[in-house]
Each structure stands twice: as C-alpha cells, then as structure tokens.
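Below: the structure, in structure tokens.
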Amino acid sequence: MKIPELLRRKPDFALPRILKVSDAPDCASLHATGFAHPWSASEFEALLADSACLSVGVDTKSGFAGYLMSRIAADEAEVLTIVVAPAFRMFGCAQRLLLDHLSRLAARRVQVVFLEVDAQNEAALALYRRNGFLEVGRRKAYYATAEGGRGDALVMRRNLT
C-alpha cells in the first residue's frame with residue numbers, strides 16, 4: 001500500500017549555501033525537471049562564475065534539493081531561476097530558499113527584486129505573492145511551452161527596503 005504524498009516525512013534540509021561552479025551539472029539536471037527548455041551545464045557554469053550572480057542551494061541527506069539564482073545590478077536584482085527537485089516539493093524548500101536569498105540580497109544593499117513567472121504556474125505565483133511580490137507587468141506569449149505553444153509571463157516586483 002502506498003503512503004499518500006502528503007503523509008511523506010518532511011526531509012531535513014541543510015542550511016542554504018552559496019553554490020560553486022562545480023555545482024553546474026547538478027543545477028542543469030535539476031533545471032530539466034522544472035522547465036520545458038532547460039539550461040545546459042555550460043550556461044550554469046557561466047552564471048555560477050559571474051560575480052554579479054547570487055546562487056544559493058539547499059541539500060538534504062539524500063541529495064541536492066533545490067536552488068535559486070539571481071543577478072544583481074546596482075541596487076536591483078532579478079531572479080533568474082528557482083527549482084526544487086520533484087521529491088522535495090511541497091515541503092517548504094522553495095520558501096526557505098526565497099527567504100534566505102532575499103536576506104542575502106538585502107545584505108548586499110539590493111532595494112528591489114524583480115522576477116518573471118509563467119502565468120500558469122500557480123504554485124510559484126502563490127509562493128511569490130505570499131512573500132510580498134506584486135504583479136507589475138505581463139509579457140504576452142513570452143514562454144515557449146513543452147507542447148509547442150506560447151505562455152504569458154508575469155513580471156513581479158518586491159521592495160526590500
């Protein structure tokens with residue numbers, strides 16, 4: 001008999017850590033679980049080596065659970081991507097990553113954070129809204145879908161000051 005998904009034991013997440021270039025293959029593998037058009041390991045290597053990027057990940061005893069990456073420009077930052085491994089979704093990993101990341105951005109004197117999110121991604125929208133992000137724009141047909149169509153992106157913003 002299978003245990004219902006919601007009754008699974010909550011994993012022990014380690015404290016978020018700054019990612020290194022050597023994490024690029026894991027980032028690419030995880031990215032492929034959450035996006036129709038995943039980024040390559042070489043794209044992650046470039047981002048992880050970029051001093052303007054802040055990249056934070058979370059591990060568990062059983063492996064890499066998720067990460068969040070942003071790019072900082074002056075007093076603004078843009079969330080580039082956030083991914084949580086399917087086995088660790090619905091356990092607060094994304095919330096942990098987002099709060100840690102926002103704290104690190106504020107410590108770097110970032111005042112405003114922007115992001116784009118698929119308008120159909122209800123879980124991500126709930127996370128961002130719950131954490132003070134407000135919709136400030138819409139990009140029509142911005143994302144290519146796995147089915148070959150196009151989906152809108154919502155532009156969201158949160159002030160850190």
### Query
How would V83, V136 rank on accessible area, largest to smallest, probe 1.4 Å?
V136, V83
### Query
Can you pull the percent of the chain's accessible area that's carbon plus sulfur, 1.4 Å probe, other chains left in place?
53 percent
### Query
So how exposed is T145, as accessible area in Å² (1.4 Å probe, rounded to 10)?
40 Å²
### Query
When only C-alpha pairs under 8 Å and at least 6 residues apart count, what is the relative contact order of region 8-115, in percent?
26 percent
### Summary
Filtering the chain for DSSP H helices with an axial alpha carbon extent of at least 18 Å and a Kyte-Doolittle mean of at least -1.0 returns 93-107
### For region 55-70, 3J(HN,Hα) per residue [Karplus equation, 6.51 cos²θ - 1.76 cosθ + 1.60, θ = phi - 60°, Hz, x = Gly/Pro]
10, 10, x, 10, 10, 10, 4, 9, x, 6, 9, x, 7, 9, 10, 9
### Query
If ligands, DNA and RNA are left out, what is the accessible area of S51 with a 1.4 Å probe, given in Å² to the nearest 10?
110 Å²
### Message
So with the 1.4 Å probe, I'd like the accessible area per residue for the chain, rounded to whole Å².
### Response
57 Å²
### Message
So if I place +1 on the C-beta of Lys and Arg and -1 on the C-beta of Asp and Glu, and nothing else carries charge, what would the dipole magnitude of the chain be about its Cα centre? I want it in debye, nearest 20.
### Response
540 debye
### Message
So for the chain, if I pair up every lysine 8 or more residues apart or on another chain, how many of those pairs have alpha-carbons under 25 Å apart?
### Response
4
## Note on the structure
Within the set G92, G149, G34, GNM on the chain using Cα springs under 10 Å gives the largest fluctuation to G149
### R138-A32 pseudo-label distance in nm [points 7 Å out on the Cα-to-Cβ vector]
3.4 nm
### Task
In nm, give the distance between the simple-model label positions of D75 and S22, each being 7 Å from the Cα along the Cα-to-Cβ direction.
3.8 nm
### Message
Please list 3J(HN,Hα) in residue order for region 147-161, calculated via the Karplus relation 6.51 cos²θ - 1.76 cosθ + 1.60 where θ = phi - 60°; whole Hz, with x for glycine and proline.
### Response
7, x, x, 10, x, 6, 10, 8, 9, 10, 9, 9, 7, 9, 9
### Task
Please calculate the 1.4 Å probe accessible area of D118, with all protein chains present, and give it to the nearest 10 Å².
50 Å²
## Note on the structure
Expected unfolding gain across N131-S40 under the 0.36 nm per residue rule, minus the alpha-carbon gap, is 29.8 nm
### Message
Between Q111 and K10, what's the calculated FRET efficiency when r is the beta-carbon distance and R0 is 35 Å? Round to 0.05.
### Response
0.55
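The values are calculated or read from the model by the stated rules, or taken from the named source; none is laboratory data. Only a predicted model underlies this, so the values are computations on that prediction, with no experimental measurement involved. So basically every Cβ, Gly included, is an ideal-geometry build from the backbone, and we count neighbours across all protein chains shown. Each accessible area value is taken on the protein alone, full model and side chains, heavy atoms only, with ligands, DNA and RNA left out. Shrake-Rupley method; radii C 1.70, N 1.55, O 1.52, S 1.80 Å.
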